[in-house]
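Bear in mind these aren't lab numbers, they're just calculated from the coordinates by the rules spelled out. These numbers come from a predicted model, not from an experiment. Every residue, glycine as well, gets a Cβ built from its backbone with ideal geometry; the counts of neighbours run over all protein chains shown.
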Amino acid sequence: MSFYGLVDGSEKSLLKFLEQLSGVDQVGADSRAAMLATRSIKTTSKKWAIDTAISMVDLTTLEGADTPGKVRALCSKAVRPDPIDPTVPSVGAICVYNDMVEIARTHLDAIGGEHVPVAAVSTAFPSGRASMEVKIQDTQDAINAGAAEIDMVIDRGAFLAGKYGMVFDEIVKIREICGEKAHLKVIFETGELVTYDNVRKASYLAMLAGADFIKTSTGKVAPAATPPVVLVMLEAVRDFYTITQRKIGVKPAGGIRTTKDAIKQLVLVNETAGPDWLTPQLFRIGASALLNDLLMQRMKMSDGYYASPNYVSID
Amino acid sequence: MTTKKQPRVDVKKTYKLFINGAFARSESGRVFEVTAKNGDFIANPALASRKDLRDAVTAARAAQSGWAKATAYNRGQILYRIAEMLEGRAEQFESEIALTSQITAAKAKAQVTDAIDRWVWYAGWSDKLQAVSGATNPVSGPFFNFSISEPQGVIAIASDVSFIDFIDAIAAAVVSGNTTVVLVPGSLAVPAMTFAEVLATSDLPAGVINILTGSLDELAPWAASHMDIDGFDISGINKKKHGELKVAGAENLKRIHAFSTGQSPTRILAFMESKTVWHSVGV
């Protein structure tokens, strides 16, 4: 089996490939991300950025206390984020646990939200600690229920122990299950990978194994989607594109709560991977509270005065 | 070694804003100059921007439910504690007010004493408000019907230039459980920020009183139109501008008041709303 002609799927070839990757200059990555965060985005650019960011939000609810009612309410919000302003675009996707997929899909279809895909977190999210059989079944269930996107977690324990082949094989297997039916996003939980070198390695590992998207975090561990981590991942997809001509998406998730945070991420995308990535097909933001802040900033821009959380929904 | 005494270098205070219990520079980086009567330089307080106003409102909103939920007794205690701190710093307030206002030292002293007494007077209202403004209403059925006064939420204050007006406006707004964003005109900036230091060393939760120094003309229209501000005390604003501020505040039915009396429970009630509750008469 060949993976882009770069590795043959054996642990040995994988190790060889990952070892020849150069290390990440940590100070350089931090300072470049900090420098890009100072870009000032105002007026018409800001308006565009807000709408683009809304269309990229993976509106997420991953709580033990999720109820069908809450998921339905969130779906309604996903299709039409601001009920009194039809010019606000729909969000990128709804992201839920796999038992909620069917409820979300049915409700979306019923309210004219056929264009909003449902993403399911999978493979024993958020820890990734289960047998392969369980992970496969977990994924299969989600796809059967109508999930068009699978957000799988990698086994961080195996990755940190250096068992790259095992992590790789898991991703390949889940990729097979997804087939043509679902997009595969691979979650690294960068807060647990500790170093930027590991983030770069994990990025290549996932891309080689067939990921359509690489995603920073589950949202359950801090730090999550910090700008330098996203920068490292964006560099990886950019370089992977020059080698393979295949565009892989990036999804930061966790800790992005304000419009300012979201716009910083868009600047990172534009300046690292390039404007081609400024589309919901290649960049998503996993968030829940962010959407309300984006809506409030949008109201401020259209009304001319500061908005209040009283005028957006409590999720 | 000679024992000749070296001249001492002044340690000047950096005046900042008081937002969410912390002293922060204006996000805009701007400052303005405060001078004494004779034109001598005194300080460069921060010139707050509308972004600072927005941050202060966010802080005030976050602090509001906790402050309103504190028992009336607890709120009274905390406000009284602030009076204790004010008392300890009375001389500093007197000299700052005399230095920056056009009044004599004797008048400044009288004003500070009055202001502290006024603060204590307002603090005392915390656990008496319900008894005076609430009611058990007679209804034609087997029900209790209560009217209860509740704080409105976040109140903006455009403070007048005198220290006692500044104290009245804040005390009247916070005693009931509101949180505040206080806009202070330039000439009052120095004692206002000393007052912020008093707040920082009292037990007041962060965000209950936020103080922004700067231009009322610049900030008041943004406060008036801000949808997350529930009331606006415009006593410190020129009467000619009241009309346009009230129009700007109409979008969220903001209560906008200018007061002519300093010491009155009506000032507290102006930023409270009445809630009516029905309860069946038990067996």
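If the label point is 7 Å along Cα→Cβ of A:Met166, which residues in the range A:206-226 have backbone nitrogen under 19 Å from it?
Correct set: A:206, A:209.
What distance in nm separates the two pseudo spin-label positions at B:Thr113 and B:Ala90, each 7 Å out from Cα along the beta-carbon direction?
Result for the modelled spin labels: 0.7 nm.
Mind computing the radius of gyration and Dmax over the alpha-carbon atoms of chain B? Å is fine for both.
20.6, 95
Can you pull a Stokes-Einstein diffusion coefficient for the range A:159-315 at 4 °C (1.567 mPa s), Rh from Kirkwood over Cα pairs, as a whole number of µm²/s? Don't skip to the answer; put the middle values down first.
Numbers: Rh = 16.6 Å.
The calculation lands on 78 µm²/s.
Once you have the Cα-Cα distance between A:Asn144 and A:Asp66, take 0.36 nm times their residue separation minus that, and quote the gain in nm to one decimal.
Numbers: separation 78, 0.36 × 78 = 28.08 nm, distance 2.05 nm.
The A:Asn144-A:Asp66 span can extend by a further 26.0 nm.
Compute the semi-axes of the equivalent ellipsoid of the range A:1-91, taking the square root of 5 times each eigenvalue of the Cα gyration tensor, and list them largest first in whole Å.
Working: eigenvalues 299, 129, 40 Å².
For the range A:1-91, the semi-axes come out at 39, 25, 14 Å.
Once you have the Cα-Cα distance between B:Thr104 and B:Asn252, take 0.36 nm times their residue separation minus that, and quote the gain in nm to one decimal. Can you show the working numbers first?
On the way: separation 148, 0.36 × 148 = 53.28 nm, distance 4.32 nm.
Contour length minus Cα-Cα distance gives 49.0 nm.
Could you tell me the ratio Rg/Rh of the range B:22-84? Both radii from Cα atoms, Rh via Kirkwood.
Values: Rg = 17.1 Å, Rh = 14.8 Å.
My calculation puts Rg/Rh at 1.16.
State log₁₀ I(q)/I(0) for the range B:125-251 at q = 0.13, 0.15 Å⁻¹ as given by the Debye formula over alpha-carbon point scatterers of equal weight, solvent excluded.
-0.60, -0.75
How do A:Val172, B:Val190, B:Val120 line up, fewest other C-beta atoms within 10 Å first?
On the way: A:Val172 15, B:Val190 25, B:Val120 18.
Arranged by neighbour count, lowest to highest, A:Val172, B:Val190, B:Val120 become A:Val172, B:Val120, B:Val190.
Tell me, what is the FRET efficiency for A:Ala34 and A:Ala289 to the nearest 0.05, using R0 = 30 angstrom and their Cβ-Cβ distance as r? All intermediate terms of the calculation are to be shown ahead of the outcome.
On the way: r = 23 Å, r/R0 = 0.78.
E(calc), rounded to 0.05, equals 0.80.
Relative to the longest principal axis of the C-alpha atoms of chain B, give the angle of the C-alpha long axis of helix B:216-225, reported between 0 and 90° and rounded to the nearest 10°.
Once rounded, the angle reads 20 degrees.
Using the basic label-point model (7 angstrom from Cα toward the beta carbon), what is the A:Ser2 to A:Glu133 distance in nanometres?
With each label placed 7 Å out from Cα toward Cβ, I get 3.6 nm.
Which value in Å does the Kirkwood hydrodynamic radius of chain A take, with 1/r averaged over all unlike C-alpha pairs and then inverted?
Values: mean 1/r = 0.0508 Å⁻¹.
For chain A, the Kirkwood estimate is 19.7 Å.
Counting other beta carbons within 10 Å of each Cβ, put B:Asp203, A:Asp66, B:Asp55 in order, fewest first.
Values: B:Asp203 12, A:Asp66 16, B:Asp55 20.
Lowest count first: B:Asp203, A:Asp66, B:Asp55.
Based solely on its DSSP helices, what 222 nm [θ] is calculated for the protein assembly as shown when runs of n ≥ 4 H residues each add -39,500 (n - 2.57) and the sum is averaged over all residues, nearest 500 deg cm²/dmol?
It comes out at -14000 deg cm²/dmol, rounded to the nearest 500.
Assuming R0 = 30 Å, can you tell me the calculated FRET efficiency for the pair B:Trp121 and A:Thr258, based on Cβ-Cβ distance, to the nearest 0.05?
Details: r = 41 Å, r/R0 = 1.37.
FRET efficiency, B:Trp121 to A:Thr258: 0.15.
Return one number: the angle in degrees, 0 to 90 and rounded to the nearest 10, between the long axis of the Cα atoms of helix A:164-178 and the longest principal axis of the Cα atoms of chain A.
For A:164-178 against chain A, the angle is about 50 degrees.
Against the globular-protein guess of 2.2 N^0.38 Å, express the Cα radius of gyration of the protein assembly as shown as a ratio, rounded to two decimals. All intermediate terms of the calculation are to be shown ahead of the outcome.
Working: Rg = 29.6 Å, N = 598, 2.2 N^0.38 = 25.0 Å.
Taking the Cα Rg and dividing by 2.2 N^0.38 Å, one obtains 1.18.
Can you give me the C-alpha center-to-center distance between the range A:70-131 and the range A:24-41, rounded to a whole angstrom?
Cα centres, the range A:70-131 to the range A:24-41: 33 Å.
Modelled label-to-label distance, A:Met301 and B:Trp278, 7 Å Cα→beta-carbon offset: nm?
About 4.7 nm separates the two model spin labels.
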